[in-house]
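Worksheet: one structure, shown below.
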């Protein structure tokens, strides 16, 4: 696997990025977001940064999967959050784990766009991360990423049995 070749990206090789990050999940996410602005998934709400970094965290999770039988394994995967996108909140809503205010639920059900970086979108994504974190604390044997992956896979089999997911135009998910 190769990255764009530049000094910033460790001569274009993922393994170099992993080595310079000490195979540490948090350091890898930081390196990815510093070197690739399209991975810097950060919103502003009430003048505060709300950090999601969905795609960067998924990359790290994928690297960890590839390296699972390798001597050098990715560490600190338990420090990553769920990957806030559109499918998880759909399923969490279906099972009553998260609830929307009536006006937001009506917008989503009518397929009205939820503007990227709007309070509504940020709160949906934040609630998703928090819900997965609460599940992680109760399960206590899986990482947030593992729970996220399980719920996402489950969501693929019930597409016609649930309400619509929220629609937002964004490069981040």
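At R0 = 35 Å, how high is the FRET efficiency between residue 161 and residue 103 if r is their beta carbon distance? Nearest 0.05 is fine. Could you put the intermediate results ahead of the total?
Working: r = 24 Å, r/R0 = 0.69.
Result of the calculation: an efficiency of 0.90.
Under a 10 Å cutoff between Cα atoms, tell me which one of 57, 90, 137 has the largest fluctuation in the Gaussian network model of the chain.
Checking each option, the largest mean-square fluctuation is seen for 137.
Cα axis of helix 119-139 to longest principal axis of the chain: angle in degrees, 0 to 90, nearest 10?
It works out to around 70 degrees.
Quick one: compute the contact order of the chain, relative version, from alpha carbon pairs under 8 angstrom and 6+ residues apart, as a percent.
24
Which label marks the calculated value of semi-axes √(5λ) of the Cα gyration tensor in Å, given the options (1) 30, 19, 14; (2) 40, 19, 13; (3) 33, 30, 12?
Given (1) 30, 19, 14; (2) 40, 19, 13; (3) 33, 30, 12, the calculated one carries the label (1).
Mind checking the angle between helix 25-35 and the chain's longest principal axis? C-alpha axes, 0 to 90 degrees, to the nearest 10.
Roughly 90 degrees, rounded to the nearest 10.
For a Förster distance of 30 Å, can you work out the FRET efficiency between the beta-carbons of residue 171 and residue 20, rounded to the nearest 0.05? Show your work: numbers first, answer last.
Details: r = 26 Å, r/R0 = 0.86.
That gives a FRET efficiency of 0.70.
Could you state the angle between the C-alpha long axis of helix 144-156 and the longest principal axis of the C-alpha atoms of the chain, as a value from 0 to 90 degrees rounded to the nearest 10?
With rounding to tens, the tilt is 50 degrees.
Once R0 is set to 41 Å, what does the formula 1/(1 + (r/R0)^6) return for the Cβ-Cβ distance between residue 44 and residue 71, expressed as a FRET efficiency to the nearest 0.05?
0.50
No lab work stands behind these numbers, since they all come straight from the coordinates. Here the structure is a predicted model, which is why all the values come from computation and not from measurement. FYI the Cβ positions are ideal-geometry reconstructions off the backbone, even for glycines, and counts take in every protein chain you see.
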